[in-house]
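Written below as structure tokens is the structure these notes are about.
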Amino acid sequence: MIALPNLTRSGAMQLADAPNDAPTVAAVVATEPPGGVRFDKVSIRFAGSGRAQTSTLAVDDFALDVVASEFLVIVGPSGCGKSTILSMAAGLTVPTSGAVLLDGSRIRGPGPDKAVVFQGFSLFPWKTVVENIEFGLVLNGVPAAERARRVDYYLPITGLTGFEHHYPRQLSGGMQQRVAIARSLVLRPRLLLMDEPFAALDAQNRTVMQEELVRVWSEYRPTVIFVTHSVEEAVFLADRVVVMTRRPGRIKRVIDVRATTGSEHWREAPLDQVQRRSDFQDLRATVWSLIRDDIVVE
Ligand SMILES: Nc1ncnc2c1ncn2[C@@H]1O[C@H](COP(=O)(O)OP(=O)(O)O)[C@@H](O)[C@H]1O
Ligand SMILES: [Mg+2]
């Protein structure tokens, strides 16, 4: 029988006890910054349920090394397993075969070293901005003084100064998404997992948030695995773009954006300037044509 993995999507961060993944000798000896992720031939098959008894091979033989501090973006047709891949990296879903490793240790469960930002902001409506942001720190037993220090640090960075005591319903979508991002950043995770975080925002807010994300990410450069529907967003933000096939999701192509941008990555510049570059437009067209071939209109 196939084990039924439990995919949990609700609640922006699943902060169970810290996972029992003591660093391996290789990880301790390594001199590079922490946050390297290895997808070691990961496959996942979901068992059928109810009348749909047939199982679904969602992700097939996904093998990839994400370098510490890399900004990796995954794109691909709807249903190709992007969210499932993030969920496995978060420790929320167990692969049917293969393994996901963080700094050489198998990921066995969720923890504050792996923060997740989902598309729906999933804030606690009854908590204020500050209470939402410090929630993960409270769960992890961080003392009040240290919590206040970190919240004070990230409030201005995420543009939330002055809104400390507002409730989510009093904020715009963009502001709510900032709270969700701040809530992840205060944990200072090695690995930041973002599942279409800006999909619910209008075009202007989305652009502002992309530029802000680059700014806050540059501050300490956690490893980011970012899923998006938007080819433009992918090419703008990524060090590398992973293009997936339709289900079962396999890696179709890995595109190294840095080969085009050189060491001065274009995400440091405003998007409207970057959009005018012909090399940006060419890369966007290349990625789109790769995805387009795999889209099935159902
Ligand atoms: N918990 C689950 N149980 C059964 N099937 C699932 C589950 N989660 C995802 N799937 C299926 O796996 C495939 C990939 O889903 P998902 O990772 O959400 O795709 P994407 O994020 O790329 O749109 C889809 O066919 C989806 O229906
Ligand atoms: Mg998804």
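Any read-out appearing in this document is the output of simple, stated calculations on the displayed coordinates, not a laboratory observation. What you are looking at is a predicted structure, and each value in this text was computed from that prediction instead of being measured. Cβ placement follows ideal geometry from the backbone for every residue including glycine, while neighbour counts extend to all protein chains displayed.
Structure above, values below:
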{"item": "For the range 107-169: rounded, prolate or oblate by the Cα gyration tensor [a/c cutoff 1.5]", "result": "oblate"}
{"item": "Relative contact order [Cα under 8 Å, 6+ residues apart], the range 185-298, whole percent", "result": "24 percent"}
{"item": "Antiparallel %, DSSP beta bridges [both residues in the chain], to 5", "result": "55 percent"}
{"item": "Percent RCO, i.e. relative contact order, over the range 173-229, from Cα pairs under 8 Å lying at least 6 residues apart", "result": "50 percent"}
{"item": "Counting DSSP beta bridges with both ends in the range 155-257, the antiparallel % (nearest 5)", "result": "50 percent"}
{"item": "Residues in the range 197-214 reached by a label modelled at residue 229 [backbone nitrogen below 13 Å; 7 Å Cα→Cβ]", "result": "197-203"}
{"item": "Cα-centre dipole for the chain with unit charges at Cβ (Lys and Arg positive, Asp and Glu negative), debye to 20", "result": "620 debye"}
{"item": "Between the range 242-280 and the range 110-152, the alpha-carbon center distance in angstrom", "result": "31 Å"}
{"item": "Rounded, prolate or oblate (a/c below 1.5 giving rounded, otherwise prolate when a/b exceeds b/c) for the range 76-233 by Cα gyration tensor", "result": "oblate"}
{"item": "Magnitude of the charge dipole, the range 224-298, Cβ model with Lys/Arg +1 and Asp/Glu -1, debye to 20", "result": "300 debye"}
{"item": "Order of 276, 215 under a 10 Å beta carbon neighbour criterion, fewest first", "result": "276, 215"}
{"item": "Paired Rg and Dmax values of the range 144-298, which use every Cα atom, in angstrom", "result": "17.1, 53"}
{"item": "D_trans [Stokes-Einstein, Kirkwood Rh over alpha-carbon pairs] for the range 224-298, 20 °C, 1.002 mPa s, µm² s⁻¹", "result": "165 µm²/s"}
{"item": "Kirkwood hydrodynamic radius of the range 134-195, Cα pairs, Å", "result": "12.2 Å"}
{"item": "Nearest-20 debye value, the range 138-269 charge dipole, Cβ charges on Lys, Arg, Asp, Glu", "result": "560 debye"}
{"item": "Computed Kirkwood radius, in angstrom, where 1/r is averaged over Cα pairs of the chain", "result": "19.8 Å"}
{"item": "Least to most buried among 219, 196 (fewest other Cβ within 10 Å first)", "result": "219, 196"}
{"item": "The chain, helix-only ellipticity at 222 nm - DSSP H runs n ≥ 4, -39,500 (n - 2.57), divided by all residues, nearest 500", "result": "-9500 deg cm²/dmol"}
{"item": "Relative contact order [Cα under 8 Å, 6+ residues apart], the chain, whole percent", "result": "24 percent"}
